[in-house]
Structures are given as structure tokens and as C-alpha cells.
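Structure record follows, encoded as C-alpha cells.
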Amino acid sequence: MKLRWSHVTPKRDYLNRRRFLAAAATVLAGSRRAAAAKLNAAKTSYRLANEKLTPYSIVTGYNNFYEFGTDKEQPVRLARDFRTSPWTVRLEGDVAKPKTLDLDTVLKLAPLEERIYRHRCVEGWSIVVPWIGFPLSALLKQAEPTGKAKYVALESFYDPKQMWPPAWAGIPFPYVEGLRLDEAMHPLTLLAVGLYGETLPNQNGAPLRLVVPWKYGFKGIKSIVRIQLVEKEPATTWSRKWPEAYGFYSNVNPRRDHPGHSQRTELRLGEGWLGTRIETQPFNGYGEVASLYSGMDLQRYY
Ligand SMILES: Nc1nc2c(c(=O)[nH]1)N[C@H]1C(S)=C(S)[C@@H](COP(=O)(O)O)O[C@H]1N2
Ligand SMILES: [Mo]
């Protein structure tokens, strides 16, 4: 499926639906929403044709964030008191201008956009999320990457006083991820600071996280504190843990199975927690990124 600018859902229905969801979520989630502040996107781009938004209660109540537990329902509870202010992001490595930016500065780097993206987890479920953010490229440009920089290495915040020990989570912390520089600079690659019209809930990776819609969800590293521009392909948490299952690229690919299960279909989570089984699309439906990989054997570079 292609991204379209056209509005498939009439604007009025969309707004009503959002108001309804916001109201319902307030009642359901109660204190969960206490820390969230309203966030207005300057413009709405990347609306998806034929896709319904996944309810707020699922997007913010069914999470993978191993620093706050390995069950989907744990992060919302265990991250409730996660301290995300003050927050800074360090940009360094092969850059002309290494710098440390505080969150207020980051929020003013580019106009905020609402982007409705499909999110496909490698575990075989998917959701549709109205993110708020701006292209990661706008942040990277601040540091002026040098000609040596070929990859971007990203690191999550880790504090053993607030988060689980690696031994409980089964993966090393801090969580690390990476992209090739051209993937990182692609206009679809989003630095998200909010969702559903508000600042990111803690369990979704407050105060800022990566969203790469054509890759499996684990590439979308949460609560980022450090970004390094580097020459060599950086290590990533899940490929370190199980390389045959989780490669560096991890583009959504229905033809390359996970060792434990097929990737041909996915469960699209929906109302009332009932899912619909649908076919998984190459690059999660974002076929316009295929040119990034021309000439590459995607069975080998998975
Ligand atoms: N730091 C960190 N980032 C992370 C994870 C994690 O455990 N720790 N889980 C990843 C996985 S597997 C997925 S599917 C998405 C889930 O994002 P969501 O909870 O906002 O849907 O976050 C990704 N980012
Ligand atoms: Mo995931």
C-alpha cells in the first residue's frame, strides 16, 4: 500500500473519533495520562489510506520496553514514575559540531508533524499510530556529520535505580540500535516526541524515540540520550542477543521467516483487543524505500 496525501477518513469523522478516543482513554487510563501534555503538530503529513488508527488504550497499554518489564502490560505501570525531565541528547562521533541539546531545544529544531504510520513488531503483531515528531535528519544536521560518517548509533537512557537489571530483562542495557546514514536521513525516518496529540507517554519511549516504519519495531529505540555518527556498522541489542533472528537491517520482509515463526502475516490489533490477521507487506508497505537497498541481497542482509 502506498502513502497518500488524500484523506480517506473524512476530517470531521477523524476529529470526532479522536475526541472520543481521548475521552475514553482519560476514563480508562486515569493516572496514566497525568504526565502527558498537549502537543500540537504544525501540520499533518503521511496520512495512511485504508488504515484505522489503533485505539489509544492499546498503543499505550500494550508495549515492548524491556527496561520496564518483559510483559506487554508491565511498562505502563513500571514506567509511571520514570523521570524524563531534565533531558539531554548528546550528538557526537564523526561530526564537525558535537553538541548536547536539551529537550526544549530539540523540540524547536523543526516544525512538528503528525504522521500516521504502521508499526510491525517482529513478534507478529501490528498497530497504526498517529505519531508526532520531525525527520531525524533535522537533528543529525545540527551536528554536521563528516564524510567519514556512514552509520548512526543510538543509545537509550539506562538507570538501574529506575529500571530492571539486564539479568531480569534478558538483554544488555543500555539498549542500543543503529541505522545506515542514508536510512537515518530518509524523510520517512521520524524522531517522535508524541502520539495522539500529546507528549510521548513514558511507556512509549518518553521524551523522544525513533520510528522507522519500514523496519521491525525493535529498531525504534526509545528514550534516546546519545547519538553517535560512526564509520562502521554499530552493534545492536537484539542482533547481539540472537544474530540469526535479528539482523542489523531488519526491514519488514514477509519472505524471510524468523527462526521461531513465519513472518508472512501479522495480527493487526484492534478494538476490544481483537485482532485481524492480515498479510505482511514488503517494507511494511513503504515500498518507496526499496531504492536504498538496490543491488543488495535482502535474504543475506536481513
Ligand atoms: N529502549 C528500548 N527501546 C525499544 C524497546 C525496548 O525494549 N527498549 N522495544 C522495541 C520493540 S521490540 C518495539 S515493538 C517497540 C515498541 O514500541 P511501542 O511500545 O511504542 O509500541 O519499541 C522498541 N524500542
Ligand atoms: Mo518489537
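The values are calculated or read from the model by the stated rules, or taken from the named source; none is laboratory data. Computed from a predicted structure; not experimentally measured. Every residue, glycine as well, gets a Cβ built from its backbone with ideal geometry; the counts of neighbours run over all protein chains shown. Keep in mind that these areas ignore ligands, DNA and RNA; they rest on the heavy atoms of the full protein, side chains included. Shrake-Rupley method; radii C 1.70, N 1.55, O 1.52, S 1.80 Å.
Key figures for this structure:
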item: For region 249-270 versus region 172-210, the gap between their alpha-carbon centres in whole angstrom; result: 21 Å
item: About the Cα centre, charge dipole magnitude for region 90-218 (Lys/Arg +1, Asp/Glu -1 at Cβ), debye; result: 200 debye
item: Per residue solvent-accessible surface (Å²) - the chain, probe of 1.4 Å; result: 45 Å²
item: Label-zone membership for region 208-236, site R256, 7 angstrom Cα→C-beta point, backbone N under 19 Å; result: 212-221, 233-236
item: The chain - percent of accessible surface contributed by carbon and sulfur, probe 1.4 Å; result: 53 percent
item: For the chain, calculated [θ]222 nm from helices alone, where every DSSP H run of n ≥ 4 adds -39500 (n - 2.57); result: -4500 deg cm²/dmol
item: Inter-site label distance for K99 and K161 at 7 Å from Cα along Cβ, in nm; result: 3.0 nm
item: Cβ crowding within 10 Å averaged over residues, with 194-200, 52-58, 79-85, 38-44 ranked highest first; result: 194-200, 52-58, 79-85, 38-44
item: 15 Å reach of a label modelled at A245, 7 Å along Cα-to-Cβ, counting backbone N of region 154-176; result: 169-172
item: Distance violations [Cα-Cα > 31 Å] among K43/K222; K72/K232; K97/K241; K161/K219; result: K72/K232; K97/K241
item: Peptides 134-141, 163-170, 231-238, 61-68 ordered by average Cβ neighbours within 10 Å, highest first; result: 61-68, 134-141, 231-238, 163-170
item: Positive-end residue, the chain charge dipole about Cα centroid, Cβ charges, pick of P130, V252, V152; result: P130
item: Cβ-placed point charges (K, R +1; D, E -1), dipole of region 9-289 about Cα centre in debye, nearest 20; result: 560 debye
item: For region 98-146, the Rg and Dmax computed from alpha carbons only, in angstrom; result: 14.3, 38
item: Over region 207-302, relative contact order from alpha-carbon pairs under 8 Å, at least 6 apart, %; result: 25 percent
item: Largest-first ellipsoid semi-axes for region 129-251, taking √(5λ) over the Cα gyration tensor eigenvalues, angstrom; result: 21, 19, 14
item: The chain: proportion of alpha-carbon pairs further apart than 24 angstrom, %; result: 51 percent
